[in-house]
Amino acid sequence: MIGHRGKDASALQKNITDKLRPLMFTKNKIALSTSSGTGLMEGAIRSATAKKAIVFSVGSFGDRWAELGKLNGVECDLHREKDGDPTMPETVDKYLSTGKYDVVTITHNETSSGIMNPVDSISEVIKKYPDVLWLVDCVSSMAGAKVEVDRLGIDICITSSQKCLALPPGLAICSVSPKAEERFSKVGSKGYYLDLKNLIKYIDKKDHQYPSTPSLSHMFALDFQLDRIMKEGIENRFTRHMEMAEFMIGWANKYFKVFPKAGFESLTLTVIANTRGISVADLNSQLGKRGIQIANGYGDLKEKTFRIAHMGELTMDDMLEVTGAIEEILNLK
């Protein structure tokens with residue numbers, strides 16, 4: 001442990017920022033928060049919305065953006081797609097063309113439904129509206145799928161430590177564009193701990209330090225893990241995730257059915273429709289005896305779907321192990 005107000009703490013955070021920028025494909029400022037990704041989502045929607053936000057949701061974590069806005073007194077509307085469908089650019093354009101909104105929120109990779117939204121085509125729509133800020137939840141995709149923050153024009157890109165970065169939970173990360181900083185000044189301070197205006201201002205003033213005590217242990221772990229990611233190679237990491245995703249999608253469609261609409265499947269986890277009517281809880285209990293765990297469906301999709309992650313440090317060997325075990329337990333033919 002080191003003092004969080006000393007030069008070593010500043011150097012640690014600067015190192016992290018320098019390593020995160022190429023991974024996030026951005027030159028924007030980077031901020032860390034000792035919280036889950038939800039903390040920075042809450043800070044972002046209340047710090048960035050001057051007029052009204054439009055929340056596009058394809059599952060439970062997209063819904064969370066709207067809940068956070070409403071609980072913080074932020075005016076927002078929610079557009080929810082039917083289960084399994086992505087957010088399409090024409091839908092975004094329909095709302096933004098009204099001129100009612102100055103913030104758009106998107107969940108890049110929705111882990112409840114297994115959808116990876118088409119952020120490339122959505123970005124082309126949002127660029128038509130220069131007064132609109134784009135907030136993107138990349139909690140379960142950043143470092144597993146390529147998200148080119150600056151090219152896409154993402155104003156606040158949020159991720160956290162426990163998914164594709166393969167660290168313990170407890171640290172959230174965001175990039176902040178100059179346009180977002182301007183908006184923070186217009187909106188004014190919103191709270192203390194999660195106020196992004198205050199957070200960025202303090203980092204600038206105090207040389208990569210924070211207004212509240214950060215989790216230095218997580219920061220040391222992140223600095224170390226980013227070195228490991230760079231050693232693997234960023235593009236190699238994306239390729240590994242793509243290969244696992246392609247294998248899992250093929251396996252799921254052979255024995256069950258992939259839940260999301262074809263062409264919009266996540267690259268970091270596969271959500272599988274329970275077409276055989278198995279007990280997912282019983283399957284997981286049997287897998288647990290082999291030292292393996294998968295996830296049941298989330299929320300209303302419990303037992304209707306199940307989820308297999310392929311992110312972080314997992315490899316094709318892990319995918320072969322889990323699918324082989326499921327085939328054996330369920331006697332799949």
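Taken together, the values in this text are just the output of simple stated rules run on the coordinates, not laboratory data. All figures in this text were calculated on a predicted structure; none of them were measured in a lab. Please note: Cβ atoms are built from the backbone with ideal geometry, for glycine as well, and neighbour counts cover all protein chains shown.
In straight Cα distance, which aspartates and glutamates are under 16 Å from LYS231, not counting same-chain residues fewer than 8 positions off?
In chain and number order, the partners are ASP18, ASP223, GLU313.
Which length gain, in nm to one decimal place, applies between THR98 and GLU243 when the Cα-Cα distance is subtracted from 0.36 nm times their residue separation?
Additional length available on full extension: 48.1 nm.
Need one number: convex hull volume per residue for region 1-96, Cα atoms only, in Å³.
Once divided by residue count, the hull of region 1-96 is 161 Å³.
Taking the Cα centre of the chain as origin, sum charge times position over the Cβ atoms of Lys and Arg (+1) and Asp and Glu (-1), and report the length of that vector in debye to the nearest 20.
So the magnitude is around 720 debye.
Quick one: divide the alpha-carbon radius of gyration of region 185-333 by 2.2 N^0.38 Å and tell me what you get.
Relative to the 2.2 N^0.38 Å estimate, region 185-333 comes out at 1.41.
Residue farthest toward the positive end of the dipole of region 7-232, with Cβ of Lys/Arg at +1 and Asp/Glu at -1: which of VAL125, PRO89, LEU135?
Looking along the dipole axis, the top candidate is LEU135.
Using a Förster distance of 45 Å, how high is the FRET efficiency between ASP317 and LEU71, based on the Cβ-Cβ distance and rounded to 0.05?
So the FRET efficiency works out to roughly 0.55.
Among PRO22, GLY299, ILE156, flag the residue with its Cα farthest along the positive direction of the charge dipole of the chain, charges on Cβ as +1 for Lys/Arg and -1 for Asp/Glu.
Going by the charge dipole, the pick is ILE156.
Quick one: net charge around GLY59, please, counting Lys, Arg +1 and Asp, Glu -1 for every other residue with C-beta under 14 Å from its C-beta.
Neighbourhood net charge equals -2.
Provide Rg over Rh for the chain; use the alpha carbon set for both Rg and the Kirkwood Rh (inverse mean inverse pair distance).
0.98
Lys and Arg at +1, Asp and Glu at -1: add these up for the other residues within a Cβ distance under 14 Å of LEU196 and post the number.
+2
Quick one: compute the contact order of the chain, relative version, from alpha carbon pairs under 8 angstrom and 6+ residues apart, as a percent.
20
Using the Cβ atoms and a cut-off under 13 Å, what net charge is assigned to the surroundings of GLY277, where Lys and Arg are +1 and Asp and Glu are -1?
Spelling it out: positives minus negatives among the neighbours equals +1.
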